[in-house]
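Working notes, beginning with the structure itself.
Derivation of every value follows stated rules applied to the coordinates shown; laboratory data play no part. Small disclaimer: the values here were computed from a predicted structure and weren't measured. Neighbour counts are summed over all protein chains in view; Cβ atoms, including those assigned to glycine, are modelled from backbone coordinates with ideal geometry.
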Amino acid sequence: MPLHPSIRPLLALTLAFAVAPSCARSDPESAGSGSQEAAEPAAETKAKGGKLFEEIAAPLEFRDPDPGPRAPEAAAFGAEIGRSSYADVKAYVEAKGFTCKDTSIRAMMEAKREAEREKQAEKGEDAVSSASWMKKKSKREKNPQVRFSCPSVNSDTIGDRERVKSRGRLLFVFDNDELPLRHVSYQRSHDNHAAALDDYEDSVKAMTARFGEPTATRGEVPERDADGKVLFPPSRSLELRWDFSDLTMKVTAIHFGRKVTVGERIEVPHGIRPDAPTLGKPEPTVKPIEPAPGAEPKPEPEPKPKPEPKPAKMSAKDAKELEAKMAASDEAPTPR
């Protein structure tokens, strides 16, 4: 029997109300499963972060260098990778007059705590609000790495070679304050792109003379125009690498903002023992100081002969007594 036209809208409305609750009940389930799926990546990210902190806080472990060619030498910015100690580097920068400090998280947080302690001592009271971070150290702070940074170092004061004029940050990195030097880098920026290219090419030439042809390259060097001007493409980088089993060297250049930053670094690869460049290699010998060109060495003076001892002078009284004895001796009879 066909439905009356006036009943059809009423029946449709009734069916809609009947289905709505079931849809409403299914939404929380789907929302719950979605939130659970969203929570899983968050938990995974958190787990990765926790693992990273655990690795930072773990005792230092190193391996021997992998098989392969070894770097011929390891001199770097007035120091030697794998041999120079933290005390050696501090003595070097002090002699040069550089202003340097440890910029690791551990050192910076300790400096902040010391400043807060001094502030509290002046006030004669404890800062309750700062008590938590004053006493509790994060796992990041358990990393014993030393990052000895020297900002605003002029290139002509380093003294390792003739350099293009620049000014930048010199950084020495140690796994801790008792292990030898692992990393040295010098990073500087140029407003003039032509000067930056001069610096980059000079650094590449010096590194190639020491370690041979690079093992890897990235990017193309920009060309100069007829006037010698050059423009680095924005956000494009140049990189040359020299990879050995015990040492890695890099020369880089990148145009960021209005400046071009040029960098040099020499370091022991990650995970390799920091003294790897010294294994099986002799101690560096100190070269004798050679005379300046055209200067002839002065002959050593011959030793002067020692004067003969002069006879002692006799007094008048002793001379008179000697004469009397000699006269008496002459008058005495000769024994038969």
In a shell of Cβ-Cβ distance under 10 Å around F174, excluding F174 itself, what net charge do Lys and Arg (+1) and Asp and Glu (-1) give? -2
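Please give the length that would be gained between K205 and E323 if that part of the chain were fully extended, namely 0.36 nm times their separation in residues minus their C-alpha to C-alpha distance (nm, one decimal).
33.1 nm
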Cβ-placed point charges (K, R +1; D, E -1), dipole of segment 183-244 about Cα centre in debye, nearest 20: 200 debye
Quick calc: nm separation of the 7 Å Cα→Cβ label points for E110 and F62 -> 2.0 nm
Inter-centroid distance (Cα atoms) of segment 160-234 relative to segment 61-118, Å: 20 Å
Total formal charge among the other residues, if their Cβ is under 12 angstrom from that of P233, Lys/Arg +1 and Asp/Glu -1: -1
If M207, M249 are placed from fewest to most neighbouring beta carbons inside 10 Å, the sequence is M207, M249
Report ³J(HN,Hα) in whole Hz for each residue of segment 158-172, in order, from the Karplus equation J = 6.51 cos²θ - 1.76 cosθ + 1.60 where θ = phi - 60°; Gly and Pro get x. 5, x, 7, 6, 5, 10, 5, 4, 7, 8, x, 9, 9, 10, 10
Which three extents, in angstrom, do the Cα atoms of segment 148-238 have along their principal axes, listed largest first? 53, 30, 27
Most exposed first by the Cβ proxy, i.e. fewest other Cβ within 10 Å, how do D191, D156 rank? D191, D156
